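Before any comments, here is the structure.
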Amino acid sequence: MRTFFMGAIAALAMGSVLMISQGISPAHADGHAVIEKRIAFMKNDILKPFLTIKGFVKDGKGSAADVAKAAAALSAAAGGIVADYPKGSGRGDHDAKVTRALPKIWEDWAGFEKAAGVLGAEAAKLASVAAGGDAGAIGAQFGMVGKNGCGGCHKPFRGEKVK
């Protein structure tokens, strides 16, 4: 048993030495995991329902019921956004190629929380509007989701994509 623990300690130490020798601290590596988790969340839980709604509004794909379901999912997911942005997981702490999260998020945390809340509220309104089945009203409220919800966060808190 003692040999196992000694081996595990040695492996952890060697891993830390390897990461440090490559310029990656253990905390920095954890930050990369947080960023990867955040990107996956945004793609799966935010973008996917958004694209379902966009397909209905722009291309007539699916139904108003599909929009209502996707909008409800988007609204629920919006409540989880801020949890995926711990301090140390933005630009300045990580290369701009790794994350688009600007330091302004943590400088204006209340504004960031408010922006995520607006996305949730606009998406909830869309779910309600979609239940009525009026394609024109759905399109108008979808515009508000994009402008006030997505744009309310992306414009002030998201940096340009760097290749």
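Tabulated data for the structure shown
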item: Residue match in region 91-112 (condition: acidic (Asp, Glu) and under 13 Å from Gly31 (Cα atoms)); result: yes
item: Total residues in region 96-127, condition in contact (Cβ under 8 Å) with a residue 60 or more places away in the chain, out of contact with any strand residue (DSSP E or B) (no Cβ under 7 Å at 6 or more places or on another chain) and surrounded by fewer than 20 Cβ atoms within 10 Å (Cβ to Cβ); result: 3
item: Set Ala116, Ala110: member being over 21 Å from His32 (Cα atoms), in a helix (DSSP H, G or I) and in contact with a helix residue (DSSP H, G or I) (Cβ under 9 Å, 6 or more places away or on another chain); result: Ala116
item: Residue list for region 78-95, filter: surrounded by 21 or more Cβ atoms within 10 Å (Cβ to Cβ) and either without any contact (Cβ under 8 Å) to a residue 12 or more places away in the chain or in contact with a Gly (Cβ under 8 Å, 6 or more places away or on another chain) (or both); result: Ala78, Ser89
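Every residue, every condition in (1) in a helix (DSSP H, G or I); (2) at pLDDT below 95, yes or no:
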{"site": "Met6", "(1), (2)": "yes, yes"}
{"site": "Ala11", "(1), (2)": "yes, yes"}
{"site": "Val17", "(1), (2)": "yes, yes"}
{"site": "Ala27", "(1), (2)": "yes, yes"}
{"site": "Ile39", "(1), (2)": "yes, no"}
{"site": "Lys48", "(1), (2)": "yes, no"}
{"site": "Gly80", "(1), (2)": "no, no"}
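The values are calculated or read from the model by the stated rules, or taken from the named source; none is laboratory data. For clarity, every value in this text was computed on a predicted model and none was experimentally measured. Because the Cβ atoms are built from the backbone with ideal geometry, glycine has one as well, and the counts that use them run over all protein chains shown.
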